[in-house]
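The structure appears below as structure tokens.
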Amino acid sequence: MAALGALAGCGSKFRTYNGPEVTRIVIYKGERKMHLVNGTTALKSYKIALGGNPIGDKQYEGDQRTPEGAYLIDRRNPNSSYHLSLGISYPNEQDVAQANAIGKSAGGDIFIHGRARKHRRRGKDWTAGCIAVKDREMEEVYSMVRVGTPIYILP
């Protein structure tokens, strides 16, 4: 983990990373763990918080669940209300069809993000369906993960 660079400037939330490429992100919801992986090697692992109703796959907007399945990191938000965030390509066609079948919207805006000051004392699973880590950890994740990185969210 020595490849994680120092902060770009005093107090900056933006870090540099010059280590191995993160080729995929694997999340195990039941274990509350996120692994940044290169090939078969976990480069970093983090404890995570999930949606307030964490068991099961996301069914529709507002169900407080974190989706399960294969997605991509599709955007970066340096101005997130949650410190920093990485967008997940939810919903896919299957997610939309599943929600429509029960007369609901699939929703969207699922991210990996920090806690932000106002959420620091919240419980274990507190997001609306996102994946959260501590702000300092999110700085590492943000520096290591690129748009297009596959993410696998498993039960």
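Points to keep in mind about this one:
- Residues of region 81-101 that are in a loop (DSSP other than H, G, I, E, B) and in contact with an Asp or Glu (Cβ under 8 Å, 6 or more places away or on another chain): His83, Leu84, Ser89.
- The number of residues in region 64-118 that are among the acidic types (Asp, Glu) and buried (at least 18 other Cβ atoms within 10 Å of the Cβ) comes to 1.
- Unique match (being in a loop (DSSP other than H, G, I, E, B) and modelled with pLDDT of 95 or more) among Lys104, Lys124: Lys104
- Per-region count, region 129-150, residues part of a loop (DSSP other than H, G, I, E, B) and either at pLDDT 95 or above or in contact with a strand residue (DSSP E or B) (Cβ under 6 Å, 6 or more places away or on another chain) (or both): 8
- With a requirement of 3 or more residues that are modelled with pLDDT under 95 and over 18 Å from Pro150 (Cα atoms), the strands (runs of 3 or more DSSP E) lying completely within region 10-80 that satisfy it span 15-17.
- Some residue of region 13-32 being on the phi > 0 side of the Ramachandran plot and over 17 Å from the mean Cα position of the chain (by Cα): no
- Top-ranked residue of region 33-63 - restricted to ones that are of a type in the set (Ser, Thr, Tyr) and in contact with a strand residue (DSSP E or B) (Cβ under 9 Å, 6 or more places away or on another chain), ranked as surrounded by the fewest Cβ atoms within 10 Å (Cβ to Cβ): Ser45
The values are calculated or read from the model by the stated rules, or taken from the named source; none is laboratory data. These numbers were taken from a predicted model, which means no experiment stands behind them. Here the Cβ is made from the backbone with ideal geometry for all residues, glycine too, and neighbour counts use every protein chain on show.
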